[in-house]
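Here's the structure, in structure tokens; my notes come after.
The values are calculated or read from the model by the stated rules, or taken from the named source; none is laboratory data. Everything numeric in this text was worked out from a predicted model, so none of it was measured. Cβ placement follows ideal geometry from the backbone for every residue including glycine, while neighbour counts extend to all protein chains displayed. Note: areas computed on protein heavy atoms with side chains; ligands, DNA, RNA excluded. Shrake-Rupley method; radii C 1.70, N 1.55, O 1.52, S 1.80 Å.
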Amino acid sequence: MAVRREVLAAVWKNTPYTMLELYMEAVRLAKIPNSLIVALDKGTADHLSARGEAHYRKPLEARGGGRDNHATSGLKFKVLVDFLTIGCSVLLSDVDVLWMTNPFVGGLYRDSDVEGMSDGWDHPTVFGHNAGDGNLRLHARNSGMFFLQATNESLRMVQRLSTRMERESTWDQSAYNQEQFKPHFGGHTAVGVSTRVMSYFCNMNSKTFFRFFREDASLLHGYKPLSLHINYHPEKLQRMQDVFAFYFKVTGP
């Protein structure tokens, strides 16, 4: 259910559901009422129905029938078209994001078409720096967690990205960044979305947390981020379980 015509949405397909369950439990503990899962297959929809979780089913297949994470991830742009078309702003989240706090209460600026988290870990990598050759260098905006306001520009961007995912063999994160930051790409002109980078300490990636944040006792024990995205580590579930246990003070059996 949307609050103020805003919703937190995650997309899922295929078993097992262990990571999805952990994601949903964190959302529940963070007291985020306007959250739902978009089920891309019947099995996931049935699983969510049995749990009484807010969801809707949208059967989709990736280009070429791929079933890995990258293939499934590219389908999210078609889902986002649904929300923006009806005037609902959406905070898109991969299920390897652990939410600690309700992001809709003081966590969003709402002054841009796109607010997105960064793969950077400090000011130069997040906000950009001059590499000495006259070019601005920064790390990519992550396509696994971003907020889209229901604007014409946001809608046109995800419509274009949805089409590209159907026709091109490209990584969704590359295309997501190209459409935001390249004025001309692939023979077309960018739609011209306004964009803001999220605070890398509020919406944290796992490199920031495990390489830097974890080593600072005063930060680790005195500050809780809004979210933590396990995007840098391949052992996603194990890292999620450790972070979940730490922040939600889960004890052993």
*Per-residue HN-Hα couplings for the range 74-85, Karplus 6.51 cos²θ - 1.76 cosθ + 1.60 at θ = phi - 60°, whole Hz, x for Gly and Pro?*
x, 6, 5, 5, 5, 5, 5, 4, 4, 5, 5, 4
*Among all the aspartates and glutamates, which ones have a C-alpha under 14 Å from residue 58's C-alpha, if same-chain residues fewer than 8 places away are not counted?*
41, 46, 82
*Using 1/(1 + (r/R0)^6) with R0 = 25 angstrom and r between the beta carbons of residue 214 and residue 135, what's the FRET efficiency to the nearest 0.05?*
0.20
*So what is the relative contact order for the range 84-167, in percent, with contacts set as C-alpha pairs under 8 Å and at least six apart?*
42 percent
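Provide the packing ranking of 116-123, 28-35, i.e. peptides ordered by the mean count of other C-beta atoms within 10 Å per residue, highest first.
Details: 116-123: 19.6, 28-35: 16.8.
The most tightly packed comes first, giving 116-123, 28-35.
Quick one: which of 92-98, 139-145, 212-218 comes out on top by average Cβ neighbours within 10 Å, and what's the full order, highest first? Can you show the working numbers first?
On the way: 92-98: 24.3, 139-145: 22.1, 212-218: 11.4.
Descending packing order for the listed peptides: 92-98, 139-145, 212-218.
GluC sites (Glu not before Pro) within the range 125-195: which are DSSP loop residues with at most 10 other Cβ atoms inside 10 Å?
Numbers: sites: 153, 166, 168, 179; in loops: 168.
Counting only loop positions with at most 10 other Cβ atoms within 10 Å, none of the GluC sites (Glu not before Pro) in the range 125-195 qualifies.
Considering Cα pairs under 8 angstrom that are at least six residues apart, work out the relative contact order of the chain and quote it in whole percent.
Working: 419 pairs, mean separation 51.9, N = 253.
Result for the chain is 21 percent.
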*Run the accessible area of the chain with a 1.4 Å probe and give the carbon-and-sulfur part as a rounded percent.*
53 percent
*asked:* For the chain, what does the accessible surface come to per residue with a 1.4 Å probe? Please give it in Å².
replied: 47 Å²
*Antiparallel as a % of all DSSP beta bridges within the chain, to the nearest 5?*
45 percent
*the range 120-191 to the range 192-253: how many Å between their Cα centroids?*
23 Å
*Over 23 Å between Cα atoms, which of 13/236; 182/224; 42/76; 182/236; 13/249; 13/207 qualify?*
182/224; 182/236; 13/249; 13/207
*Note down the magnitude of the dipole of the chain about its Cα centre, charges +1 on Lys and Arg C-beta and -1 on Asp and Glu C-beta and zero elsewhere, to the nearest 20 debye.*
320 debye
*With the dipole of the chain worked out from charges on the C-beta (+1 for Lys and Arg, -1 for Asp and Glu) around the Cα centre, which of 202, 87, 165 lies farthest toward the positive end?*
87
*asked:* Given the options 234, 121, 17, identify the residue whose Cα lies farthest towards the positive end of the charge dipole of the chain (+1 on Cβ of Lys, Arg; -1 on Cβ of Asp, Glu).
replied: 17
